[in-house]
1. From the list Gly236, Gly232, pick out the single residue that is surrounded by 11 or more Cβ atoms within 10 Å (Cβ to Cβ), in contact with an Asp or Glu (Cβ under 8 Å, 6 or more places away or on another chain), at pLDDT 60 or above and closer than 22 Å to Val134 by Cα.
2. Condition (residue is under 30 Å from Trp104 (Cβ atoms) and over 24 Å from the mean Cα position of the chain (by Cα)) applied to the range 156-177: is it met by at least one residue?
3. Kindly provide the set of residues from the range 29-47 that are surrounded by fewer than 16 Cβ atoms within 10 Å (Cβ to Cβ) and under 18 Å from Pro163 (Cα atoms), ordered by number.
4. Report yes if some residue within the range 13-21 is assigned to a helix (DSSP H, G or I) and either surrounded by 16 or more Cβ atoms within 10 Å (Cβ to Cβ) or at pLDDT 75 or above (or both); otherwise report no.
5. Of the conditions (1) free of Cβ contacts under 8 Å to residues at least 12 places away in the same chain; (2) closer than 26 Å to Tyr222 by Cβ; (3) in contact with a strand residue (DSSP E or B) (Cβ under 9 Å, 6 or more places away or on another chain), Arg105 clears all except one; give me its number.
6. Restricting to the range 412-458, and then to whatever is closer than 20 Å to Arg105 by Cα and β-branched (Val, Ile, Thr), can you tell me which residue is surrounded by the fewest Cβ atoms within 10 Å (Cβ to Cβ)?
7. Tell me, yes or no, whether the range 115-128 has at least one residue that is over 22 Å from Cys219 (Cα atoms) and part of a helix (DSSP H, G or I).
8. For Val160, all conditions in the list (1) more than 22 Å from Gly209 (Cα to Cα); (2) part of a strand (DSSP E or B) hold save one; what is the number of the exception?
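The values are calculated or read from the model by the stated rules, or taken from the named source; none is laboratory data. All values derive from a computational prediction rather than experimental measurement. Glycine also receives a Cβ, built like all others from the backbone with ideal geometry; neighbour counts cover every protein chain displayed.
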Amino acid sequence: MGRNVAQLERALKAAQMEMAKTHLRAFEAAKVSRRTDNWLADSKGPNSDMRLSLQRIIARHQDLVDSDPWASKAISVVVSNWVGDGIIGRPVGAGSSRRYQEGWREWSESLDCDWDGLGNLYAKQALIARTVAVRGSCLVRRRIVPELLNRGLPPLQLQVLEPDWLDITKDDGARIKFGKQYSDDGRLEGYWIRRYHPGESDWRNARLGSDFVPKSEICHIYDVRRPGQATGVPFGVSALLKLRDISDRDSAQLLKDKLAACFMAFLEDTETDPTLKTDGNALLDALEPGAIEILPPGKRITFAQPPSSADFVSVQKYHLLSVAQAYEITYEALTGDLGQVNFSSGRMGWVEMRRAVARWRWSIIIPQFLQPLAGWYREAVAMAGMGRGSSRFEWTPPVTWLIDPARELPAYIDAIKAGVMSLSELHRMLGYVPELVIEELGADMARARAAGLALSSDGASGTTGNTRQAQPPADSPLDGINQQSLA
């Protein structure tokens, strides 16, 4: 009996020791060992590290985007998918009259909405998205311009500024962070905006200081990754060193191939007797196709064997895959390499990328810029006495191109029929404004019925199945034409 008790006690102690070892392994990343002796990590606040490194990161990323094709392409993919040809806004809710909606459309599509006069609202969206992706954040300042009233437009223009306009020298780590001033309870009060861009050549103007601008006049757009983060960092920041290494490796490989191609053959003198004379035959400086060269006595030719680059493409692909992950885009979108993609794999990658794109839209540019802009527009209209409207807008992202419409569109149609989704939801998902689509369809069908045409999508005509040609009226210009040819 005593022996059994002793065995149980030993088994219990062994189990306890094993549990202790398992617990220690669970926190192995926190141990100080040879594996972690060069792992330097501090638990700092969301702004502490950026104060020391943000400007250098921005400068290096801008340099890569300007000079490296992969970084440039990554930013192009981000901007093209983020805003594309523009996120369309439509005033909705009580007080949004037809006049108010048409006025918004006219203002947003004209160059008069831009302080610099270079683009409409959709061009400004692309510029803002690119600035945020490359330089970490972007500023948009409201400008009141009474001269626009003479053109029948509300007196509002938008000035897009790089984050460098923030006077980061005003930073006490408490009430002012990166040129943004806060109240004692942490609420944003406004921005210290420089009078000139500090990076321009006329550096003397940059010393003229900055002015305080209330928060109601500025939109600061950036990706908020940590609570309390006062500004943003460039997209793909985790891959900046890798992008630089890829560029260096690519250049070195190109140089190696270039040098290897320059050396084709070597002529060796195998005779050691300098008094030995040859018959005067000389080796040609260049070899031509089909040439047969007779070497003089004591001469030997050796052809160059340059090093192989067989693994370069596979290694390059692996590193570019990690770069694509850092920018939250697909490898195929970054490189254009579709050799290993089929419909299923391509759609899975596309869907995952669309989740990131949706976050950029609905967590960054819409709440931080477009929704405040709607309030600015309403205030400008009321200020000019041009009527009243709502600041509540409905935002429709740009067109989403289907990978395989023949497969995907029927599935969406079935989902609408089953009540899983609405027609308006599908319109918005594909990048169309539902009200405008219905309005245009109604106008198209009315014109078709007036011309004696019956469309399969026109339920009022009683047509079912495929599109067919109705019998035209007697005075129709279609009278006498073979109706079957138009079916």
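1. When all the criteria are applied, what remains is Gly232.
2. Checking the range 156-177: at least one residue is under 30 Å from Trp104 (Cβ atoms) and over 24 Å from the mean Cα position of the chain (by Cα).
3. Hit for the range 29-47 is Pro46, nothing else.
4. yes
5. If we test Arg105 against (1) free of Cβ contacts under 8 Å to residues at least 12 places away in the same chain; (2) closer than 26 Å to Tyr222 by Cβ; (3) in contact with a strand residue (DSSP E or B) (Cβ under 9 Å, 6 or more places away or on another chain), just (2) comes out false.
6. Out of the qualifying residues, it is Ile438.
7. No, the range 115-128 contains no residue that is over 22 Å from Cys219 (Cα atoms) and part of a helix (DSSP H, G or I).
8. All conditions are met except number (1).
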